[in-house]
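Inspection log for the structure reproduced underneath, given as structure tokens.
The values are calculated or read from the model by the stated rules, or taken from the named source; none is laboratory data. For clarity, every value in this text was computed on a predicted model and none was experimentally measured. No Cβ is skipped: glycine too gets one built from the backbone with ideal geometry, and neighbour counts run over all protein chains shown.
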Amino acid sequence: MIGVDADGSARDRIRRTLLLAVGLGAIVFGALLASGGSGFLAQIPQLRAPYGWLTVVVGIVLPALLIVLHRVLPQRALLIYAGAISATFLVLETAWPWMMLEPTLADDATPWMQGINAVHATMAAIVWPRIVGWVYPLALGPIVAFVQVQVRDGAGVPALLDGLGAIIFSLILCGVSIAMIRAGGLQDAAAQQARDQAALEARRHTRELEQARINGIVHDDVMSVLLAASREDPPDGLKAQARHALDRVASLESGGTEHQDYDLHEFVAVVRSTVASIAPSLPVTYTVEPGGTLAAPVVAAFAEAAGEAVRNVLRHAGDDAAAHVSVDARPGAMRVTVRDSGAGFSTARVSQRRLGIRVSIEQRMASVEGGSAHVTSTPGRGTTVELAWSAA
């Protein structure tokens, strides 16, 4: 059965590129095999109708259409199309001796189809399971030798040599194709592993954020009420502040913290707690406008992306670099900026394999609606990471 990969995978893209190469190869080989005694123009009159023209259609025309079809057909349809062509080609080549009008070909020529064997063997290696990709070229040797013995006089040794040549040439192209497709599969597996690891880290960090929120409630609400109550002249709003603290503690008892919205002060507290857990000495400045709330997934995205940005500062900025974090929290619009004056880097030269910026920062913010991240850096002039979210 033909294997099918999800559209957009590296393995799928490599397969499509290889099928484009097959289409181009069919055109080149077709042009070379058109004329001469072993060309299809000279041999079609020596074959039964419509077999002669059918060999040209299956051998050259249909593979050449892959130049267009590799871009427009869905993956499954493309693989079925190419797989059917490679299988039909093998059947037509095997049937050659019984489709001739005369016992032998004129001018002691060889069947023209044997000149394009490698194109169809490569196509089989691309679309069929790996075992077929190796068996197909091995099967060509006996078929080439058998057909030549049937249609040429005294072709014993030359037929065996041509069969061996067909095996070697086809195996080389099939091996290269199989190796490229396998490399694409390994890349897909590595990318999926990175995504799974990022998801695990996100869940772990979300739990840490909830713990930070609990700590923040205890510190900012409960402790502040107790400290205010211990004064000789308690403030007028102490009763309301105490009621608010009790409501927050009640929310913890009910287990409703995980999906509750955060107010803007809580959001700032989470960011500050995240930064402090990674780089306690890194200064954090913030401005908060009253009003509005922020959903827990958005807060988690900010904290995870900011945490990765701070870790990058510690890893790459250098010991002497100045760095700070600023938080701007307004109803419907949040911004966290991590800036350092360190070594910097060229963003154009960051490898796609480097997942810190791409997955932990940019994709993490993009995973929540309204979120975005922008990284700017210049060698020798520091790095700025801007995390932003705005309500739809």
Q.
So, ARG349, is that one modelled with pLDDT under 85, crowded, with 16+ Cβ neighbours inside 10 Å and basic (Lys, Arg) or not?
A. no
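Yes/no per residue for (1) outside any helix (DSSP H, G or I); (2) assigned by TED's automatic domain parsing to the domain that holds PRO63; (3) among the hydrophobic types (A, V, I, L, M, F, W, C):
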position	(1), (2), (3)
ALA124	no, yes, yes
ALA145	no, yes, yes
GLY154	yes, yes, no
PRO158	no, yes, no
LEU161	no, yes, yes
ALA166	no, yes, yes
VAL176	no, yes, yes
GLY184	no, yes, no
Q.
Take MET100 and tell me if it is touching a strand residue (DSSP E or B) at 6+ places or on another chain (Cβ under 7 Å) and within 30 Å of GLY154 (Cα to Cα).
A. yes
(Q) Quick check on this structure: which one of ILE44, ILE27, ILE60 is over 24 Å from ASP108 (Cβ atoms) and touching a helix residue (DSSP H, G or I) at 6+ places or on another chain (Cβ under 7 Å)? (A) ILE27
Q. Looking at segment 76-97, is at least one residue assigned by TED's automatic domain parsing to the domain that holds PHE29, acidic (Asp, Glu) and on the phi > 0 side of the Ramachandran plot?
A. no
**Q.** Residues that are surrounded by fewer than 17 Cβ atoms within 10 Å (Cβ to Cβ) and within 22 Å of ALA84 (Cα to Cα), drawn from segment 28-52
**A.** VAL28, ALA49, PRO50, TYR51
Q) For segment 364-379, which residues satisfy the criterion of being over 14 Å from ARG335 (Cα atoms), out of contact with any Ser or Thr (no Cβ under 6 Å at 6 or more places or on another chain) and either crowded, with 19+ Cβ neighbours inside 10 Å or charged (D, E, K, R) (or both)? A) ARG364, GLU369
Q) Is there a residue in segment 165-173 that is buried (at least 22 other Cβ atoms within 10 Å of the Cβ) and more than 23 Å from HIS70 (Cα to Cα)? A) yes
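Does segment 330-340 hold any residues that are in a strand (DSSP E or B) and either surrounded by 24 or more Cβ atoms within 10 Å (Cβ to Cβ) or without any contact (Cβ under 8 Å) to a residue 60 or more places away in the chain (or both), and which are they?
Start the filter on segment 330-340 by keeping residues that are in a strand (DSSP E or B), which leaves 330, 333-340.
Passing the criteria: ALA333, MET334, ARG335, VAL336, THR337, VAL338, ARG339, ASP340.
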Q) So which residues in segment 274-288 are assigned to a loop (DSSP other than H, G, I, E, B) and either touching a residue at least 60 places away in the same chain (Cβ under 8 Å) or out of contact with any His (no Cβ under 9 Å at 6 or more places or on another chain) (or both)? A) ALA279, PRO280, SER281
Q: Output the number of the condition that VAL132 fails; it satisfies all remaining conditions of (1) at pLDDT 90 or above; (2) crowded, with 17+ Cβ neighbours inside 10 Å.
A: (1)
Q.
I'd like the residue in segment 37-52 that is free of Cβ contacts under 8 Å to residues at least 12 places away in the same chain and not in a helix (DSSP H, G or I) and, out of all such residues, is nearest to HIS120 (Cα to Cα).
A. PRO50
Q: Return yes when GLN150 is in contact with a strand residue (DSSP E or B) (Cβ under 9 Å, 6 or more places away or on another chain) and part of a helix (DSSP H, G or I) and no when it is not.
A: yes
Q: Among the residues of segment 97-143, write down those that are among the hydroxyl-bearing types (Ser, Thr, Tyr) and touching a Cys at 6+ places or on another chain (Cβ under 9 Å).
A: THR122, TYR136
Q) Looking at segment 133-147, which of the residues that are touching a residue at least 24 places away in the same chain (Cβ under 8 Å) and small (Gly, Ala, Ser) is farthest from GLU93 (Cα to Cα)? A) GLY133
Q | Single residue of segment 53-77 satisfying the filter (among the aliphatic types (A, V, I, L, M) and assigned to a loop (DSSP other than H, G, I, E, B)) that is surrounded by the fewest Cβ atoms within 10 Å (Cβ to Cβ) | A | LEU65
Q.
So in segment 183-195, with the set limited to residues that are touching a residue at least 40 places away in the same chain (Cβ under 8 Å) and closer than 29 Å to SER86 by Cα, which one is surrounded by the fewest Cβ atoms within 10 Å (Cβ to Cβ)?
A. ALA183
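Among the residues of segment 88-106, are any assigned to a helix (DSSP H, G or I), touching a residue at least 40 places away in the same chain (Cβ under 8 Å), within 25 Å of SER9 (Cβ to Cβ) and of a type outside the set (Phe, Trp, Tyr)? So that I can check it myself, show each step before the final result.
Our first condition is that a residue be assigned to a helix (DSSP H, G or I); within segment 88-106, this holds for 88-94, 96-99, 106.
Imposing the further condition that a residue be touching a residue at least 40 places away in the same chain (Cβ under 8 Å) reduces the set to 90, 92-94, 96-97, 99, 106.
Next cut, within 25 Å of SER9 (Cβ to Cβ) only: none.
Within segment 88-106, not a single residue is assigned to a helix (DSSP H, G or I), touching a residue at least 40 places away in the same chain (Cβ under 8 Å), within 25 Å of SER9 (Cβ to Cβ) and of a type outside the set (Phe, Trp, Tyr).
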